[in-house]
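The values are calculated or read from the model by the stated rules, or taken from the named source; none is laboratory data. On a predicted model such as this, the values are computed, not experimentally measured, just so you know. FYI the Cβ positions are ideal-geometry reconstructions off the backbone, even for glycines, and counts take in every protein chain you see. With ligands, DNA and RNA removed, areas are computed over all heavy atoms of the protein, side chains included. Shrake-Rupley method; radii C 1.70, N 1.55, O 1.52, S 1.80 Å.
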Amino acid sequence: LGYDPHHVLVAGLSLAEGSYQGWLPRTNYYAQMRRTIADLPSVQSVALAGQPLPPVSRFFSNFSILGQTNPQEQMTTLEEVSRDYFSTLRIPLVQGRIWSDAEEMHAAHMALVNEAMARRYWPNGGAIGQVIRIPNLRGKNTWVFNAPSNNGDVEIIGIVGNVPNAGLREQPLPAVYAPYSLIAVDWIGTS
């Protein structure tokens, strides 16, 4: 599978309409919720994610690679996650690094991509350090609060292993993992 589903509990949280208005209150609430759950007995790790767990991704987005002379729009799955997502599900970091807690809380414009994306768009290597523009990473709905200066551009800082995101019978699609704090939505999952 590329991840370990054993001993993982998934729970969804929808905020009441009108609660935690604004990017900072919502981001702080999710961070506090994660700390509170992590302090419970028997809990080994807690992660936040905007989507359910694999094997299916429900959110696709177009993207373009900045700096290309003729950037073409491509498609990718887009997952907004906390930095603990990879260690909680035991998804291996193949190259580069994962953003820090401080970078997450300051909504750093960073992302990780899966091996499928790195191979498809940078077959000779060089994915790390590339900047991609993901319009759907900048929320446009009233229930989404964008981080300050979030313009949808993120720098790739690492590559993680593939996990199923198109079902168990299909090869993994290109995937981008961005800090959940870039867009504070009114629904988030914990695992």
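Quick grid of which residues meet (1) under 28 Å from TRP23 (Cα atoms); (2) part of a loop (DSSP other than H, G, I, E, B):
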{"position": "LEU112", "(1), (2)": "yes, no"}
{"position": "ALA118", "(1), (2)": "no, no"}
{"position": "ASN124", "(1), (2)": "no, yes"}
{"position": "SER149", "(1), (2)": "yes, yes"}
{"position": "GLU155", "(1), (2)": "yes, no"}
{"position": "ILE159", "(1), (2)": "yes, no"}
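Scanning the range 14-66 for residues that are in a strand (DSSP E or B), more than 17 Å from the chain's Cα centre (by Cα) and modelled with pLDDT under 85 gives a single hit, SER14. Taken together, the residues in the range 114-135 that are surrounded by 15 or more Cβ atoms within 10 Å (Cβ to Cβ) and closer than 13 Å to SER61 by Cβ amount to 4.
For ALA107, the conditions (1) under 24 Å from ALA47 (Cβ atoms); (2) at pLDDT 90 or above all hold with the exception of (2).
Give the residues of the range 34-49 that are open to solvent by 30 Å² or more (accessible area, probe 1.4 Å) and not charged (D, E, K, R), sorted by residue number. Across the range 34-49, the qualifying residues are THR36, ILE37, ALA38, LEU40, PRO41, SER42, VAL43, GLN44, SER45. When ALA147 is tested against (1) at pLDDT 85 or above; (2) in contact with a His (Cβ under 9 Å, 6 or more places away or on another chain); (3) over 14 Å from THR76 (Cβ atoms), exactly one condition is not met: (1). Got at least one residue in the range 83-94 being more than 13 Å from the chain's Cα centre (by Cα) and free of Cβ contacts under 8 Å to residues at least 60 places away in the same chain? Yes: one or more hits.
Of all the residues in the range 74-89, those that are acidic (Asp, Glu) and surrounded by 21 or more Cβ atoms within 10 Å (Cβ to Cβ) number 2.
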